[in-house]
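The values are calculated or read from the model by the stated rules, or taken from the named source; none is laboratory data. This one's a predicted model, so the numbers in the text were calculated from it and none came from an experiment. Positions of Cβ are generated from backbone atoms using ideal geometry, with glycine treated the same way; all protein chains shown enter the neighbour counts.
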Amino acid sequence: MSTQEKTSNIIGSITDFLASVKLSVFLFIILALASVSGTIIPQGQSPEAHQAVFGQAYGLMDALGFFDVFRAWWFQLVLVLLAANLIVCSSKRLPATLKVVRASGSKPNAARFDSMFSKASVKPEESFDISLENAGQAASLYLGPRFSRIRSQALEKGQGILIAAEKGRWTRLGAYIIHAGFLLVLAGGLAGSYWGYSGSIRLEPGQSTNMVRTNGGEQIKKLPFTLVCNDFAVTFWDDGTPREYRSFVTVLDEDGESFEQVIRVNHPLRHKGVSLYQSTYGQASPETINLVFTERTEPGQAPGEQTAFTVKMREQHPLPDGSGTFAVHGFNHNYTMGGRSAGPAILVIVEYADDQRPAQERIVLLRHPRFDAMQRDNYIISATDYVPRYYTGLQVTRDPGVGTVYAGFIFLMAGCLVALMLSHKQLWVKLDTQGGKTRVKVVGNTNKNAYVFERHTKRIANNLFEKMRAMEK
Amino acid sequence: MTSSFAASSDILSVVTFIYGLAALLYWIGWIFKAPLAGKVATVAAIVGVLGNWAGFGLRWVESYQMGIGRIPLSNLYESLVFFGLVTMTVYLFVEFQYRFRALGAFAASLCFLALAYASLPGSGDGAIRPLLPALQSNWLTAHVATCFLGYAAFALAFGLAHLYLLKKSDHALGTVLGADLGAVVAVISGLLLGRVIFSAFFLLVTAFFIGLACFFLAGYAMTHFLKPRMDRLVARLADKLPDANTLDELMHQSILFGFLFLSAGIITGAVWANSAWGRYWSWDPKETWSLITWLAYAVFLHMRLVRGWHGAKTAYCSVFGFFCVLFTWFGVNLLPGLHSYA
């Protein structure tokens with residue numbers, strides 16, 4: 001054997017291996033098993049959490065990527081192999097299928113008809129008192145509109161007429177349409193993971209940005225436009241669950257164009273290849289807070305004098321007795337103390353005119369107006385209320401593969417419809433003269449759904465026989 | 001508010017009993033060869049399915065009266081009700097088309113179990129709740145409707161697998177019954193062990209292996225000891241069934257139908273996810289398990305095309321595939337993910 005022959009042998013066997021359905025099935029099973037492991041093994045948690053569950057096996061499992069299965073190199077390899085398998089397998093088989101689809105149709109053959117008829121489970125047969133030619137014409141006329149291709153042929157030695165009818169030959173291409181769809185989905189997914197990114201931005205009303213931090217936080221991407229958040233609104237159902245979140249935004253293009261839009265859940269903003277999704281919201285610092293300073297009095301005495309303020313964040317105000325100033329410096333809508341939720345809280349910083357007295361940082365809880373009494377100051381500061389303000393959390397995605405994936409979806413669905421629901425149907429009618437009458441035999445064949453087609457064959461034969469019976473009179 | 005959704009829940013509770021009655025009558029009619037019981041079973045099934053449609057429609061109307069206005073397809077309770085509706089409708093179509101009732105014993109039993117599970121406190125939730133913003137999408141309707149049409153077809157293929165093996169008096173019948181028992185034991189042991197084992201991973205693995213052990217033991221016992229003693233019963237049950245080829249073809253058709261709708265369900269789900277979260281695929285456990293189910297049936301379709309798998313092998317695949325469906329539907333709820341509602 002020459003080296004060249006050897007090489008072509010090796011290439012040939014690699015192609016055969018890549019083209020085999022055995023490989024597809026094997027890859028399907030590997031993909032399924034890997035997916036099972038990716039759902040039952042907790043994914044992407046802290047090493048300590050994994051170690052707690054798997055102990056000694058942690059190191060090996062981590063090295064093999066079992067805690068991030070869907071991004072593991074071997075998982076990606078299986079997908080690539082599957083794509084290669086689909087391409088090689090389909091391109092190897094397509095010519096043969098195209099030949100069948102394009103062929104002018106099998107020649108009617110009396111011997112083949114007889115063998116098919118004897119094997120068929122449904123074999124309609126009847127004789128009529130009409131001429132062979134009339135019967136043949138009637139059959140062609142009846143089958144014509146029901147099939148896409150009809151060939152009628154006189155058999156040798158006056159043995160009669162054989163009519164071959166068929167339709168749906170192109171449906172044999174259904175599997176290829178599915179495979180093309182699958183490849184498009186894989187290609188689109190790959191394109192998205194290479195050239196796309198996803199990140200999130202958080203904007204309070206009035207803020208704007210043209211930068212996005214990608215999920216995981218490792219990169220900052222620049223948007224092809226600037227996004228201004230004009231307002232955010234959330235509505236609730238009666239039972240308190242959120243009904244709808246809306247971000248009212250203005251998009252400022254680099255060329256000076258701008259437009260306004262509302263972003264809602266399920267109604268993203270798509271612009272210049274970037275999509276912005278309403279994904280979350282939360283409470284931002286309120287614009288103003290209403291505070292009350294109550295003069296401290298001894299127990300038993302009349303309640304102290306109260307002074308009310310409406311203050312903005314970081315705005316300095318004089319204390320009611322003029323001994324210094326205060327300002328609200330922080331807001332937390334859900335402050336935790338000792339691991340327990342204490343509701344909304346603000347941070348008030350009090351500075352005194354007396355240089356000897358250090359500034360005080362005081363936590364004021366909205367739900368507990370007497371909390372500040374612990375400070376033992378001349379005043380008890382309490383916050384009565386505030387107008388809540390929300391920030392909006394937007395998910396930002398750039399995925400140039402989505403179009404390809406959707407095209408793949410359309411191919412997949414169309415291919416499934418063709419390959420699973422339609423079939424290549426063939427029907428033969430043989431007419432010959434027997435005892436002075438014309439005998440008609442019908443047999444059908446299909447590449448799928450034999451049961452339904454048997455009944456279809458029966459129905460067609462019955463209708464045909466009825467037509468011929470009518471011609472007898 | 002409590003009274004406003006009572007009507008549809010009441011109707012659906014009655015439907016549960018009617019399905020239970022229909023199931024009982026289908027079994028009696030089949031095992032004791034009582035044609036009258038079979039006819040009454042069909043009537044009960046028709047009444048049940050009409051009630052199921054009425055309950056579904058009324059729930060839809062009630063949601064509008066409550067000012068929520070949504071199609072009832074968004075939590076476990078509603079998915080179970082919809083499964084009953086679709087499965088029974090498709091089954092009755094098969095009964096009238098193919099003129100046999102034995103499959104009704106399986107279909108009505110499954111629908112009864114689904115609706116009974118729906119009415120269990122805690123498992124399902126009869127209250128009509130408003131939709132979170134992400135669920136307010138027409139893609140959701142398309143996604144759930146197509147998925148459950150697929151599930152219904154797979155459920156019928158599961159029933160047909162048993163009928164086919166009965167008709168053939170096939171050795172594989174014991175194996176399949178062993179698998180059924182193994183699955184039930186796995187679920188029960190999973191529920192019991194859930195009080196002791198807190199890691200979802202170890203719970204699932206333990207329950208799986210208990211089920212597997214049970215499958216081997218029961219499968220062996222059925223094929224070697226019980227089957228020879230049950231041959232008369234098997235012959236009696238197989239008596240009125242359509243011929244084996246018809247059952248095989250019908251089972252295959254159901255799988256094809258189910259596969260088509262499962263594909264549509266996965267695709268519409270992906271499109272919905274992309275419009276709600278900006279990602280069409282995120283390897284969420286429910287997504288991943290629907291893909292696993294899809295792959296299982298895809299393997300079967302390829303083996304049928306290339307190796308000509310049919311008969312007992314189709315039956316095995318249809319039983320195995322249906323277990324995947326059940327895990328996708330219920331088992332995945334044990335795992336963390338986005339699909340916690342259904």
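Values computed for the structure shown
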item	result
The range B:275-315, subset among the polar types (S, T, N, Q) and within 7 Å of chain A (Cβ to nearest Cβ), residue surrounded by the fewest Cβ atoms within 10 Å (Cβ to Cβ)	B:SER275
All positions within the range A:212-263 that are touching a residue at least 60 places away in the same chain (Cβ under 8 Å) and in contact with a helix residue (DSSP H, G or I) (Cβ under 9 Å, 6 or more places away or on another chain)	A:TYR245
All positions within the range B:321-338 that are modelled with pLDDT of 85 or more and within 11 Å of another protein chain (Cβ to nearest Cβ)	B:CYS324, B:PHE327, B:THR328
Boolean, A:THR397 is buried (at least 22 other Cβ atoms within 10 Å of the Cβ) and over 30 Å from A:GLU287 (Cα atoms)	yes
Selected residue [surrounded by fewer than 16 Cβ atoms within 10 Å (Cβ to Cβ), within 12 Å of chain A (Cβ to nearest Cβ) and of a type in the set (Val, Ile, Thr)] from B:VAL184, B:VAL205	B:VAL205
Filter result for A:ASP377 (over 39 Å from the mean Cα position of the chain (by Cα) and not small (Gly, Ala, Ser))	yes
Counted residues, the range A:15-62 - those being outside any loop (DSSP other than H, G, I, E, B) and within 7 Å of chain B (Cβ to nearest Cβ)	13
Test: residue in the range B:64-72 that is assigned to a helix (DSSP H, G or I), of a type outside the set (D, E, K, R) and surrounded by fewer than 22 Cβ atoms within 10 Å (Cβ to Cβ)	yes
Residues that are outside any helix (DSSP H, G or I) and touching a helix residue (DSSP H, G or I) at 6+ places or on another chain (Cβ under 7 Å), drawn from the range B:181-219	B:GLY194, B:ILE197, B:SER199
Criterion (closer than 30 Å to A:SER275 by Cβ and not hydroxyl-bearing (Ser, Thr, Tyr)) met by exactly one of B:LEU241, B:LEU256, B:LEU262	B:LEU262
Evaluation of A:SER382 against (1) crowded, with 16+ Cβ neighbours inside 10 Å; (2) modelled with pLDDT of 85 or more; (3) more than 52 Å from the chain's Cα centre (by Cα); (4) not hydrophobic (A, V, I, L, M, F, W, C) (one fails), failing number	(3)
Lone qualifier among B:ILE11, B:ILE31, B:ILE18 - being at pLDDT below 95 and under 30 Å from B:GLY331 (Cα atoms)	B:ILE11
Subset of the range A:364-401 [part of a helix (DSSP H, G or I) and either in contact with an Asp or Glu (Cβ under 9 Å, 6 or more places away or on another chain) or not aliphatic (A, V, I, L, M) (or both)]	A:PHE371, A:ASP372, A:GLN375
Any hit, the range A:287-299, residues being surrounded by 14 or more Cβ atoms within 10 Å (Cβ to Cβ), acidic (Asp, Glu), part of a strand (DSSP E or B) and in the same structural domain as A:LEU227 (by TED's automatic domain parsing)	no
Residues located in the range B:62-76, provided they are touching a Ser or Thr at 6+ places or on another chain (Cβ under 8 Å), at negative phi and not basic (Lys, Arg)	B:GLU62, B:GLN65, B:MET66, B:ILE71, B:PRO72, B:LEU73, B:LEU76
Hey, B:TYR316 in the same structural domain as B:ALA161 (by TED's automatic domain parsing) and without any contact (Cβ under 8 Å) to a residue 60 or more places away in the chain or not	no
Matching residues in the range B:168-192 - criterion: being over 16 Å from B:VAL234 (Cα atoms) and hydroxyl-bearing (Ser, Thr, Tyr)	B:SER189
Selection within the range A:248-273 - more than 22 Å from A:TRP195 (Cα to Cα), within 12 Å of chain B (Cβ to nearest Cβ) and either of a type in the set (Asp, Glu) or part of a strand (DSSP E or B) (or both)	A:ILE263, A:ARG264, A:HIS267
Residues (surrounded by 15 or more Cβ atoms within 10 Å (Cβ to Cβ) and basic (Lys, Arg)) located in the range A:44-99	A:ARG93
Entirely in the range A:129-212, the strands (runs of 3 or more DSSP E) that have 1 or more residues that are under 22 Å from the mean Cα position of the chain (by Cα)	A:197-203
All positions within the range B:264-274 that are under 23 Å from B:SER254 (Cα atoms), more than 7 Å from chain A (Cβ to nearest Cβ) and of a type in the set (A, V, I, L, M)	B:ILE266
Qualifying residue in the range A:409-421 (condition: not in a helix (DSSP H, G or I) and not small (Gly, Ala, Ser))	no
Scan of the range A:217-247 for residues that are within 14 Å of chain B (Cβ to nearest Cβ) and part of a loop (DSSP other than H, G, I, E, B), ordered by number	A:TRP237, A:ASP238, A:ASP239, A:GLY240, A:THR241
Pairs with Cβ under 8 Å, 6+ apart, first in the range A:64-88 and under 20 Å from A:GLU48 (Cα atoms), second of a type in the set (D, E, K, R) and in a helix (DSSP H, G or I)	A:GLY65/A:ARG71
Leading residue by the ranking (nearest to A:ILE41 (Cα to Cα)) among those in the range B:192-201 that are touching a Leu at 6+ places or on another chain (Cβ under 9 Å) and surrounded by 14 or more Cβ atoms within 10 Å (Cβ to Cβ)	B:ALA200
Boolean, A:ALA103 is more than 14 Å from every other protein chain (Cβ to nearest Cβ) and crowded, with 17+ Cβ neighbours inside 10 Å	no
